[in-house]
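**Q** Before anything else, here's the structure in question.
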Amino acid sequence: QVQLVESGGGLVQPGGSLRLSCAASQNIFNFYAMGWYRQPPGKQRELVASITSGGSTNYADSVKDRFTISRDNAKNTVYLQMNSLKPEDTAVYYCKVSTNRGLYWGQGTQVTVSS
C-alpha cells in the first residue's frame, strides 16, 4: 500500500503561481510513473501531467508551457509547478502513481484561481 499526501493548493489570483507537492510513503525510484490529474467542478477527472521513472514527461495541451512536473527521488516527492494560472485551472488536483503493485491516488488538494 502506498500513501500519497498532496499539499500546496489554495486560492490564487489569475496570473499567479502555485507549487503542488505529492509525498509518497515509499521509495518512488521504481515507480513506473507519477502524475497529476485534476477534476474541475461538474467535470470529469483529466490528466494534467505525468513523469516516468526515466524522467519522460507528458502534458495536457491546456497546460503546456505553463506547468512543469518534476520528481525528487531522494524526498519521494513529485511536484507540479503551475505558472500563469487561469480561472479554468480551478479544480481539485490529485496525485497518482503507477507501481508494480497497482495504481494509487492521493486525497486531492483544491486549487482556486479567482480575483
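The values are calculated or read from the model by the stated rules, or taken from the named source; none is laboratory data. Values in this document were obtained by computation on a predicted structure and should not be read as measured data. With ideal geometry, Cβ positions are generated from the backbone for all residues, glycine too; neighbour counts draw on all protein chains shown. Accessible surface is based on the protein model in full, side chains and every heavy atom, while ligands, DNA and RNA are left aside. Shrake-Rupley method; radii C 1.70, N 1.55, O 1.52, S 1.80 Å.
**Q** Which peptide among 105-115, 29-39 comes first, and what is the full order, when sorted by highest mean count of other Cβ atoms within 10 Å?
**A** By packing density, highest mean first, the sequence is 29-39, 105-115.
**Q** Quick one: putting +1 on the C-beta of Lys and Arg, -1 on the C-beta of Asp and Glu, what dipole do you get for the chain around its Cα centre, in Debye to the nearest 20?
**A** Taking the Cα centre of the chain as origin, the dipole is about 140 debye.
**Q** Could the peptides 90-96, 19-25 be put in order, highest first, of the mean number of other beta-carbon atoms found within 10 Å of their residues?
**A** Averaged packing, sorted descending, gives the order 90-96, 19-25.
**Q** On alpha carbon coordinates alone, what is the Rg over Rh value for the chain, Rh being the Kirkwood radius?
**A** Expressed as Rg/Rh, it is 0.95.
**Q** Percent of Cα-Cα pairs more than 14 Å apart in region 60-115, please.
**A** Value for region 60-115: 65 percent of Cα pairs lie more than 14 Å apart.
**Q** Which whole-number percent is the relative contact order of the chain (Cα, under 8 Å, 6+ apart)?
**A** 37 percent
**Q** Further, regarding this structure: What list of ³J(HN,Hα) values in whole Hz, one per residue of region 39-46 in order, does the Karplus curve 6.51 cos²θ - 1.76 cosθ + 1.60 (θ = phi - 60°) give from phi, with Gly and Pro shown as x?
**A** Using θ = phi - 60°, the values come out as 10, x, x, x, 10, 7, 5, 9 Hz.
**Q** Per residue, how much accessible area does the chain show when a 1.4 Å probe rolls over the protein heavy atoms, in square angstrom?
**A** Per residue, the chain has an accessible area of 53 Å².
**Q** On the protein heavy atoms, probe 1.4 angstrom, tell me the percent of accessible surface of the chain carried by carbon and sulfur.
**A** 45 percent
**Q** Roughly what % of DSSP beta bridges within the chain run antiparallel, to the nearest 5?
**A** Percent antiparallel among DSSP bridges in the chain is about 95.
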